[in-house]
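Trainee: Below is one structure. I have some questions about it.
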Amino acid sequence: MVVNTIHWFRKGLRLHDNPSLKDSIRGSDTLRCIYILDPWFAGSSNVGINRWRFLLQCLEDLDASLRKLNSRLFVIRGQPTDVFPRLFKEWQINRLSYEYDSEPFGKERDAAIQKLANEAGVEVMVRISHTLYNLDKIIELNGNQPPLTYKRFQAVINRMDAVEMPAETITFEVLKNCVTPISEDHDEKFGVPSLEELGFETEGLTTAVWPGGETEALMRLERHLERKAWVANFERPRMNANSLLASPTGLSPYLRFGCLSCRLFYFKLTDLYRKVKKNHTPPLSLYGQLLWREFFYTTATNNPCFDKMDGNPICVQIPWDRNPEALAKWAEGRTGFPWIDAIMTQLRQEGWIHHLARHGVACFLTRGDLWISWEEGMKVFEELLLDADWSVNAGSWMWLSCSSFFQQFFHCYCPVGFGRRTDPNGDYIRRYLPILRGFPAKYIYDPWNAPEEVQKAAKCIIGVHYPKPMVNHAEASRINIERMKQIYQQLSCYRGLGMDRICLTRGNSLNLEVIIIMIIISIQFIFFQLSNFHEGAGAHHPGQSSSVCCGALIIIIIMMMMMIILLSGFFLIK
Amino acid sequence: MKRMKGGEEGSDDSSCESPAEVCKKVRKQLSDDSEPEVAESLDCNWARLPQELLLHIFQYLPLLDRAYASQVCRGWNQAFHMPELWRCFEFELNQPASSYLKATHPDLIKQIIKRHSNHLQYVSFKVDSSTESAEAACDILSQLVNCSLKTLGLISTARPSFMEVPKSHFISALTVVFVNSKSLSSLKIDDTPVDDPSLKVLVANNSDTLKLLKMSSCPHVSPAGILCVADQCHGLRELALNYHLLSDELLLALSSEKHVHLEHLRIDVVSENPGQHFHTIKKSSWDAMMRHSPKFNLVMYFFLYEDEFGPFFNEEIPVTHLYFGRSVSKEVLGRVGLHCPRLVELVVCANGLRPLDEELIRIAKHCTQLSAIGLGECEVSCSAFVEFVKMCGRRLSQLSIMEEVLIPDHKYSLDEIHWEVSKHLGRVWFPDMMPTW
């Protein structure tokens, strides 16, 4: 029987470590690799031009790689539930493969496609390769709950089996006799569209700082490892002015789109570490980037409301402010705080910002200054940030706004001070906000404090050429700390800092005193009873008295055990 | 507890007859009427549950469910309106344009004011950042003429919208409550335009009962106004205010013989403009406070620029909980180590890029009560940090250090440090992490 296979690319846009593709090729006669451009599902209108460009570059790269194997990529427009029945019939498909998608609506979509495939008699092959582990196993190992703190997650990971090795890259040898029927008009029907064809204005668009594609990803991986080996230092690099700029060894967007396999990255890191550190076991902190990603995927996989506050069981209900004007100022980099505005400008222009920069702007929007819901910030990041996918983006925003994951909210990033400490000279500001170039380092982070002469010399009057600061940070942060306290004080399990916990400590000591009094009273009672027994028993039979004493002893032991249980119960609650 | 057919499973309600007896009574009545249908008699049982029982059950229900229950029959509707169910109420006033959360229904509010305003005792208002919500709160306040409130809280859940209400409107609404309640024991009016005359009215009517007063960031109050409160309200146990209201006279008034022991004093030190000057409080005033109330908690929140700390921490001060919301210099933290022997909790949001090694060790040495510390954007070398934890030992119940704070050195790397620290703390400890992606 002829086996005609479709491999469906969604994420996992690569030919290395693609086990679902590799397994589906075995025994196949024909293979068609497709990508479905779902105009409704694939991020809908909330995907900016940088993300589309990155995706299209990934698809071009895949197409080029497949061409070298005498195959092509088929880009099909439409919704999967409409597209597949048509393709199953037209191409006489009996096998479908794709990489497992752990996100809730990914699972829903795939369940619908599975059903269609079953009805059409199509065999479905799914493999896990977007995450290091099988997320359901992690959840199972944690008592059927996703771990809600990163520390707990790390503890569970330590008990998991080793990460599976990456699958073999697809080559001519792997393909063997499997062919791809390519028609004359392939480019017209199934070619990768351009940005213009999708309706974007490309005039004035600068070259991509982050070029998409598997080839680029693998090259970056090599450079990344080279740099680590050269430094021979696997510690987290100290933050300096250079860290803020896009790095040629940065890998996060490639991990998100699947151009780079996380398992390949994992193993290469491990090998390099062992080589440099002479066979020491690598610590978990080496894989920080990968494990955070894994953590958020795990927490999100069974929670369709993960990206909302309302109806989300792990999200604290915080009375955020609705303020579209303030939100627009933040999103467009018009807050009047150069540090925040420069970061948002870099984000919009290039599609990537350093993670500490993300913390700064997220804190500013939510619990630090503007008190606007993290859902709004998440939507802006979804539009602009190349490596933001549903789980990681929503999870990080919840974390940064202290809406979940038991965070200590006291730490608030100052929109002036934080930038100043990171890049004292202000070159980052000057690069992304050229209007402020003329300001000296002393005033570039708070130009509204600069005297008039300085502003005139810099040819930038605050309030005219550059906006005044939209909030008074000291006042705003003071108010917001208070708001956070109000909310968390109502959560009885929370024991954070800055809470004025006198009531809690008082309560605990009371419990202890009560227990001690109880113990003393009960011991006195026991001795009293014992002495009674002894007197009474002694009057009758000397032999009997010993058995009575034994009985009393047993009673004492039982009461002691009960007391210990009570005590431990109280301390556990503590 | 005996399970009965057709009756509610009553919990231990000591104030009324046991449910079994009640049901027996009801059944007797029915058997006298000799109803043939069992189903009908079941319905009658439900409707004739005694009010005390209904009250007890209703107290477990959230308001919405109670409201549904009250629609069932007249008896249940009567129970719904019993005064005991209307002692506490939280008015949530939100506008859809400025909040994601739902507001208390306006009809419910009308009903409460009409039928239950004299039952209310513990009331709070939660408003969002729109002025309309704050004004609605003031309107409700002005109608609470028959109440004798014990607790009143005006809470802005986002921006302080009470400050945008016209001052006279707010003051007159608040005065209604002050004058009519006469037994206010707890009052939370942070971020409101309350002023000295209204405080005088408060004192004139509630001086015997007032125990808790929170009025941080009330810009229209002067030190004389709050002094008046301290002089007259001798039962005051908890006070929260801004530093500009704090004076030597106030501390002395709070430590006068007639005054009860103060338990909790919270002070917010906020800078309006850079380079602001702050007055100093004499050490003798703090000593008087300590003599009078040796166990009181002094909580101070600082939101100042680095160069405004001049007047602070030059002499011994009995602060117990210290929070630095903005960047604070190494030098000031050094002074904290020297002059704050009662320190229990310390939070530093940011410091700068010079290591705080000596300062931390000094704090560990002198602040023997320290049990909680949190460090944000600071730098501490790993060896100094381990030394700090060793000196504090197990009394550190809360150690919240951001991962970026710890600088690995020749003795310890980041991976080794958490074992060392865990050893000295007697429990597993990790630094706080932020996601990297």
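The values are calculated or read from the model by the stated rules, or taken from the named source; none is laboratory data. Here the structure is a predicted model, which means the values were calculated and not measured. As a convention, Cβ positions derive from the backbone with ideal geometry for all residues, glycine included, and neighbour counts pool all protein chains shown. Please note that ligands, DNA and RNA were not included when accessible areas were found on the heavy atoms of the full protein model with its side chains. Shrake-Rupley method; radii C 1.70, N 1.55, O 1.52, S 1.80 Å.
Trainee: Report the label-to-label distance for B:L63 and B:S124 in nanometres (one decimal), using points 7 Å from each Cα along the Cα→Cβ vector.
Mentor: 1.3
Trainee: Further, regarding this structure: Interface A/B, total buried accessible area with a 1.4 Å probe, nearest 100 Å²?
Mentor: Working: alone 28930 and 22180 Å², together 45440 Å².
For A against B, buried area totals roughly 5700 Å².
Trainee: I need the P(r) histogram for the range B:105-243: all alpha carbon pairs, bin width 10 Å from 0 out to the longest distance, whole percents.
Mentor: Percent of Cα pairs in each bin: 12, 46, 34, 7, 0.
Trainee: Oh, and also: Under 11 Å from the Cβ of B:D357, count the other residues' Cβ atoms, weight Lys and Arg +1, Asp and Glu -1, and hand me the total. List each step's numbers first, then the result.
Mentor: Numbers: positive: B:K330, B:R354, B:R362; negative: B:E358, B:E359, B:E379, B:E387, B:D409.
Combined, the nearby Lys, Arg, Asp and Glu give -2.
Trainee: Semi-axes of the equivalent ellipsoid of the range B:89-365: what are they in whole Å, largest first, if each equals the square root of 5 times a C-alpha gyration tensor eigenvalue?
Mentor: Over the Cα atoms of the range B:89-365, the ellipsoid semi-axes are 37, 23, 15 Å.
Trainee: Expressed in nm to one decimal, what extension gain is obtained for the pair A:N158 and A:L284 from 0.36 nm per residue of sequence separation less their Cα-Cα distance? Walk me through the numbers on the way to the answer.
Mentor: On the way: separation 126, 0.36 × 126 = 45.36 nm, distance 0.85 nm.
Between A:N158 and A:L284, full extension yields an extra 44.5 nm.
Trainee: Return the loop-located trypsin sites (Lys or Arg not before Pro) in the range A:426-483 (DSSP other than H, G, I, E, B) with at most 16 other Cβ atoms within 10 Å of their own Cβ; answer none if there are none. Before the final figure, lay out the partial values.
Mentor: Numbers: sites: A:R430, A:R431, A:R437, A:K442, A:K456, A:K459, A:R478, A:R483; in loops: A:R437, A:K442, A:K459.
The qualifying sites are A:R437, A:K442, A:K459.
Trainee: Using Cα pairs under 8 angstrom and six or more residues apart, how large is the relative contact order of chain B, in percent?
Mentor: Worked out over chain B, it gives 6 percent.
Trainee: Which order do the peptides B:57-67, B:303-313 take when ranked by the mean count of other beta-carbon atoms within 10 Å per residue, highest first?
Mentor: B:303-313, B:57-67
Trainee: While we're on this one: How much of the calculated P(r) for the protein assembly as shown lies past 39 Å, in percent of all Cα pairs?
Mentor: 57
Trainee: Which chymotrypsin sites (Phe, Trp or Tyr not before Pro) from the range A:197-293 combine a DSSP loop assignment with at most 16 other Cβ atoms within 10 Å?
Mentor: A:F200
Trainee: Here is a further query. Using every alpha carbon pair in the range A:268-351, what percent of pairs falls into each 5 Å bin from 0 up to the bin containing the largest distance?
Mentor: P(r) over the range A:268-351, rounded to whole percents: 3, 11, 11, 9, 11, 17, 15, 9, 8, 4, 2, 0.
Trainee: Now for a different question. Counting only helical runs of four or more DSSP H residues, what would the 222 nm mean residue ellipticity of chain B come to if each run contributes -39,500 (n - 2.57) and the total is spread over all its residues?
Mentor: So the calculated ellipticity at 222 nm is -11000 deg cm²/dmol.
Trainee: Working out 0.36 nm times the residue gap between A:K275 and A:F105, then minus their Cα-Cα distance, what length gain in nm do you get to one decimal? Provide the component values of the computation, followed by the final result.
Mentor: Numbers: separation 170, 0.36 × 170 = 61.20 nm, distance 4.15 nm.
Between A:K275 and A:F105, full extension yields 57.0 nm more.
Trainee: Another question about this same structure. Over the protein assembly as shown, with the other protein chains present, what is the accessible area per residue in square angstrom, probe 1.4 angstrom?
Mentor: Working: 45440 Å² over 1011 residues.
That works out to 45 Å² for each residue.
Trainee: Among residues other than B:L425 whose Cβ falls under 11 Å from its Cβ, what is the net charge (Lys/Arg +1, Asp/Glu -1)?
Mentor: It works out to a net charge of +4.
Trainee: Hey, any idea what % of the range B:210-338's accessible area is carbon plus sulfur with a 1.4 Å probe?
Mentor: 52
Trainee: Looking at the range B:262-300, which trypsin sites (Lys or Arg not before Pro) are in a loop (DSSP not H, G, I, E or B) and have at most 16 other Cβ atoms within 10 Å?
Mentor: B:K282, B:K295
Trainee: Whenever you get a sec, compute what percent of the accessible area on the range A:165-281 sits on carbon and sulfur atoms (1.4 Å probe).
Mentor: Numbers: 3550 of 6830 Å².
Carbon and sulfur atoms account for 52 percent of the accessible area of the range A:165-281.
Trainee: Amide H to amide H, which residues 5 or more places from A:Q317 or on other chains are under 5 Å from it, using H placed in the peptide plane?
Mentor: Distant-sequence amide H within range of A:Q317: zero hits.
Trainee: Across peptide A:464-473, what mean number of C-beta atoms from other chains lies inside 10 Å of a residue's C-beta?
Mentor: The per-residue average across the peptide is 1.
Trainee: Further question: Against the 2.2 N^0.38 Å scaling, with N counting residues, where does the range B:134-177 land? I'd like the Cα-based Rg ratio to two decimal places.
Mentor: Normalised Rg, Cα atoms only: 1.13.
Trainee: What ³J(HN,Hα) values, in whole Hz, does the Karplus curve 6.51 cos²θ - 1.76 cosθ + 1.60 give for the range B:157-169 when θ = phi - 60°, with x put for Gly and Pro?
Mentor: 7, 9, 6, x, 6, 5, 5, 8, 6, x, 4, 5, 4
Trainee: Kirkwood Rh over Cα pairs of the range B:243-321 into Stokes-Einstein at 10 °C, 1.306 mPa s: D in µm²/s?
Mentor: Values: Rh = 13.3 Å.
The calculation lands on 120 µm²/s.
Trainee: Let me know the mean shielding of B:317-326 by other chains, meaning the per-residue number of their Cβ atoms within 10 Å of its Cβ. Don't skip to the answer; put the middle values down first.
Mentor: Details: counts 0, 0, 0, 2, 6, 1, 5, 1, 9, 8.
Per-residue shielding by partner chains comes out at 3.
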